[in-house]
1. Across region 189-222, what is the total count of residues that are touching a Gly at 6+ places or on another chain (Cβ under 7 Å) and within 26 Å of PHE72 (Cα to Cα)?
2. Here is a check on your reading of the model: is PRO107 closer than 22 Å to THR205 by Cα and assigned to a strand (DSSP E or B)?
3. Looking at (1) out of contact with any Pro (no Cβ under 6 Å at 6 or more places or on another chain); (2) touching a residue at least 12 places away in the same chain (Cβ under 8 Å); (3) assigned to a helix (DSSP H, G or I), which one does TRP45 not meet, given that it meets all the others?
4. Is it the case, given these coordinates, that ALA46 is among the small types (Gly, Ala, Ser) and within 13 Å of TYR213 (Cβ to Cβ)?
5. Which residues, taken from region 229-242, are more than 18 Å from the chain's Cα centre (by Cα), surrounded by 14 or more Cβ atoms within 10 Å (Cβ to Cβ) and either among the β-branched types (Val, Ile, Thr) or outside any strand (DSSP E or B) (or both)?
6. Quick one: ALA220 ticks every box in (1) within 23 Å of HIS109 (Cα to Cα); (2) buried (at least 21 other Cβ atoms within 10 Å of the Cβ) except a single one, so which number is it?
7. Consider region 4-20. How many of its residues are closer than 22 Å to HIS199 by Cα and either acidic (Asp, Glu) or part of a loop (DSSP other than H, G, I, E, B) (or both)?
Amino acid sequence: MAGRLTQTEVEFFKREGYLRYNKPVMKPENFAALHAHFEQKLRAWAVEGAGKSPEAMDVPHFTDTALYRWLFDPQVLDLVESLIGPDIILWSSHFLCKPPGVGKRVPWHEDSAYWGTALDPMEVVTVWLAVDPSSPANGCMRVIPGTHHDGYSEYVPVADPDKQVFSTEIRQDKIDESKAVDMTLEPNQCSFHHAKLIHGSNANTSAFRRCGYTMRYVPATSRFNHTVQAHFPAFRVYLARGQDRAGNHYGDPTKINEAWVNANPAERLKVKALAG
């Protein structure tokens, strides 16, 4: 399989469900442009975020078409191709920004549990791109290796939900935290994880911000079922590279996702804030 990763790295990912990539992901000038763009978005968030914590900057590409420059960056897609092949769908993206001192904990979870049966098969690979340095001190992502063979664990309500990004988490007796691995990264480095891998992160109690951009991809052999959950009819996937292999319908990356904006009126503020 073509791509930037070595065969050893690919085999490690398949076996363990994650991979830490401590090398530059993008060309320096491209990463610098993304970093500057995020800083602009964070300033706009103060206007359009309606009091929400910046951890909530989910699917920003639906209202900010500039992001496709980086989501479709050949350097990124060459890495992804190593893991899922040459026909690549952009599934989603999310800026996960933990402010210093108050950044929330991300409970132990599997991404697949939130997406249910929306994709068949559920073969999403997430590129977790470090915008800031990410370490245990400021709440880096942590993974439980080899836990990507189920993906639909039993969840229970979290304690102190105001301090958590999600309201539920995997039952503690189902997780061996002694096996957790910290995804320590420098800016423009990344980690990869499978949608079914158990992962999470601690709160950011440090004096330093921790931001990552998750760019999520799936092979174009997977079928997207947009009817399985209430918000999916307005959700759009995008063909990032290669050909469709499953009869999917794709959004236009040159246009704002108007269906999403219309279904979520608060999103209109994001469009206005970025324009102004």
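1. Adding up the residues that qualify gives 8.
2. Values: closer than 22 Å to THR205 by Cα: yes; assigned to a strand (DSSP E or B): yes.
So PRO107 passes the test.
3. (1)
4. Working: among the small types (Gly, Ala, Ser): yes; within 13 Å of TYR213 (Cβ to Cβ): no.
Taking the combined requirement at face value, the residue does not satisfy it.
5. Let us first name the residues in region 229-242 that are more than 18 Å from the chain's Cα centre (by Cα), namely 229-230, 233-234, 241-242.
Restricting the remaining residues to those that are surrounded by 14 or more Cβ atoms within 10 Å (Cβ to Cβ) gives 229, 234, 241-242.
Answer for region 229-242, where residues must be more than 18 Å from the chain's Cα centre (by Cα), surrounded by 14 or more Cβ atoms within 10 Å (Cβ to Cβ) and either among the β-branched types (Val, Ile, Thr) or outside any strand (DSSP E or B) (or both): GLN229, ALA234, GLY242.
6. Against the list (1) within 23 Å of HIS109 (Cα to Cα); (2) buried (at least 21 other Cβ atoms within 10 Å of the Cβ), ALA220 comes up short only on (1).
7. Filtering region 4-20 down to residues closer than 22 Å to HIS199 by Cα leaves 9-20.
With the extra rule that they be either acidic (Asp, Glu) or part of a loop (DSSP other than H, G, I, E, B) (or both), the set shrinks to 9, 11, 16-17.
Residues meeting the conditions: 4.
Rundown of residues vs (1) among the aliphatic types (A, V, I, L, M); (2) more than 18 Å from the chain's Cα centre (by Cα), yes/no style:
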| residue | (1), (2) |
| --- | --- |
| ARG43 | no, yes |
| VAL47 | yes, yes |
| MET57 | yes, no |
| PRO60 | no, no |
| ASP64 | no, no |
| TYR68 | no, no |
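The values are calculated or read from the model by the stated rules, or taken from the named source; none is laboratory data. The structure presented is a predicted model; accordingly, all values stated were derived computationally and were not measured. All Cβ positions, even for glycine, are placed from backbone atoms using ideal geometry, and neighbour counts span all protein chains on display.
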